[in-house]
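In what follows, a single structure is set out as structure tokens and then discussed.
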2 protein chains.
Amino acid sequence: MTAHGADVQDGDGQAEADSRIESKQSVEVPAARERARAIPEAAVARLAVYLRALSGLADQDVTTVSSDELAAAAGVNSAKLRKDLSYIGSYGTRGVGYEVSVLIGQIERTLGLTRKHSVAVVGIGNLGHALANYGGFPSRGFPVSALFDLDPDLVGVPVGGIPVSHIDDIVEVCTDREVTIGVIATPAQGAQEVCDRLVAGGVTCILNFAPVVLQVPEDVEVRKVDLAVEMQILSFHVARRQQEAAAQSDVDGADLGPPGTGEQVPGEVESANRMVERL
Amino acid sequence: MTAHGADVQDGDGQAEADSRIESKQSVEVPAARERARAIPEAAVARLAVYLRALSGLADQDVTTVSSDELAAAAGVNSAKLRKDLSYIGSYGTRGVGYEVSVLIGQIERTLGLTRKHSVAVVGIGNLGHALANYGGFPSRGFPVSALFDLDPDLVGVPVGGIPVSHIDDIVEVCTDREVTIGVIATPAQGAQEVCDRLVAGGVTCILNFAPVVLQVPEDVEVRKVDLAVEMQILSFHVARRQQEAAAQSDVDGADLGPPGTGEQVPGEVESANRMVERL
DNA sequence: AAATGTGAATGTATTCACAGCT
DNA sequence: AGCTGTGAATACATTCACATTT
């Protein structure tokens, strides 16, 4: 990630909790429609990006697209794009390209977007509000169906149309509303406890904004978005660039003013870094 | 990715915009203190995670830690941790472990956290508010020194102590306040324009929450955090798990009720997915 | 005895480059 | 002629396993 990734993550990227799946041991399964496992994690992340690019094209009534065009729109190179698409099947036409609508359908199928995934957001602070009001969630496929906080003043208050429940009711409410994805937007302290309750409530996928490493059973998928980490990665790149610039001016001319780019005043030094606050 | 990346970005992860750095061509540089380049992107992301774990230990007045302990706290295995740390130097003591304060100092140095990085947030919607109020930013090293929006009703209003400026003034204000990191929290449409202005204002690192692939000069580092992508990756894992469960129950007994875990009501199908709204 | 630091081995991801289809 | 789909080649990342140091 870079991109990470910031992912985020993780990406590097972002996805740290790399749940290595056991199974596969005995029966060597009939492999009926068993291609899902074959898709590399990194490719899955990009499929989502391609999907967005394709939706944009569909909106402009583009019906056909080549790997070069789509790759440009998604910000990757075309070989990678073609390989990624090859993991989900062969839906292109040689000499022509891909039909936009077909590709959209196939990626949606692969990503499991042909069913709804109820989302619960825990921690209705600044970020929780932002998430609860996020138009992109419910617009297609990810209806926010529960909100939780521990503040009694918040409980019962509707945010983005959904009344906030108390975190003591996580298990019950999540089971009830068949929540599959939990979003943790609490401060660090509460996060593990919240996570445990979500899992107890049947949630198998968690998006974690809290700056903690969550402990979960191996059948639960966690993705982490960590602002502090993202900022620090960027900081590293600033520092690297400065070193480069310095090294470079060492090499050529040692004394002459530096040419245009890269100038940066050092600024005062300060130690210790703890970005463990709440969002 | 988680990270992530990534991944983050990519993230995995998060880190998509993987700017491959040229240079290295001619002089075979004296390599004075040129170890910065050697650190793999994935390791950089984890250093930030170790740093947080170490800060936690320091708060508990732990002075020494072994790779096993620190690895557990950071959620990675100890071999990986040791290799990551080896990229920044040898600061451990065989038979003993690492001194917490030394490691914190060295990681901070490596990540460039010994100087301040002024941050500008563009787009003061729900997310922008959350970011502007984020205690973790200014607490150490990342002072938010500028906010921007295009809404005239917002301009001049202080958010988290900083008055909002108009996006027309990005170049001027960023140059003036020596902003090094720009955070884009605008809707998709405005993002590229905003990005261009940030770059013109001397910003070399960008954290992008808008669902677009930004075009930037190669000396600008972009990390992307994409909610929609994260959700869709989780959706993929839900789908995969279901397939697994289905395949598994095919294998053993075909007709018997499934054992405890993994039950999930299919829910109705719906097509098309476009999560391009604003946060 | 305990734990680091690191070459070598393995595993994963990206890129190349071209055969094969339309 | 153009563009996909994919093996083979390369690059990158993780893990192993052990010599080395305290």
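The values are calculated or read from the model by the stated rules, or taken from the named source; none is laboratory data. None of the values given here were measured: they were computed from a predicted structure. Note that each Cβ is placed from the backbone with ideal geometry, even for glycine, and that neighbours are counted across all protein chains shown. Keep in mind that these areas ignore ligands, DNA and RNA; they rest on the heavy atoms of the full protein, side chains included. Shrake-Rupley method; radii C 1.70, N 1.55, O 1.52, S 1.80 Å.
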Query raised in the report: For the stretch B:104-197, list the strands (runs of 3 or more DSSP E) that sit wholly inside it and hold at least 3 residues that are at the interface with chain A (Cβ under 8 Å from one of its Cβ atoms), at negative phi and in contact with a helix residue (DSSP H, G or I) (Cβ under 7 Å, 6 or more places away or on another chain); which are they?
Result: none
Requested in this report: Could you grab me the full set of residues in the stretch A:44-69 that are within 12 Å of DNA strand C (Cβ to nearest atom), within 20 Å of B:Leu214 (Cα to Cα) and under 21 Å from the mean Cα position of the chain (by Cα)?
Outcome: A:Ala45, A:Arg46, A:Leu47, A:Val49
Query raised in the report: modelled with pLDDT of 50 or more, under 30 Å from B:Lys80 (Cα atoms) and open to solvent by 30 Å² or more (accessible area, probe 1.4 Å), is that true of A:Ala45?
Result: no
Query raised in the report: Out of A:Val225, A:Val203, A:Val159, A:Val213, which single residue is over 29 Å from B:Phe142 (Cβ atoms) and modelled with pLDDT of 95 or more?
Result: A:Val203
Report summary line: The residue that is least open to solvent (accessible area, probe 1.4 Å), considering only those in the stretch A:184-228 that are more than 21 Å from B:Glu244 (Cβ to Cβ) and among the basic types (Lys, Arg), is A:Lys224
Query raised in the report: Residues of the stretch B:70-82 being within 11 Å of DNA strand C (Cβ to nearest atom) and surrounded by 17 or more Cβ atoms within 10 Å (Cβ to Cβ), which ones?
Result: B:Leu70, B:Ala71, B:Leu81
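Each row is one residue, and each column tells you yes or no for (1) within 21 Å of B:Asp226 (Cβ to Cβ); (2) surrounded by 15 or more Cβ atoms within 10 Å (Cβ to Cβ); (3) of a type in the set (A, V, I, L, M).
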| position | (1), (2), (3) |
| --- | --- |
| A:Asp84 | yes, yes, no |
| A:Tyr98 | no, yes, no |
| A:Val102 | no, yes, yes |
| A:Asn133 | yes, yes, no |
| A:Ala146 | no, yes, yes |
| A:Leu154 | no, yes, yes |
| A:Val157 | no, no, yes |
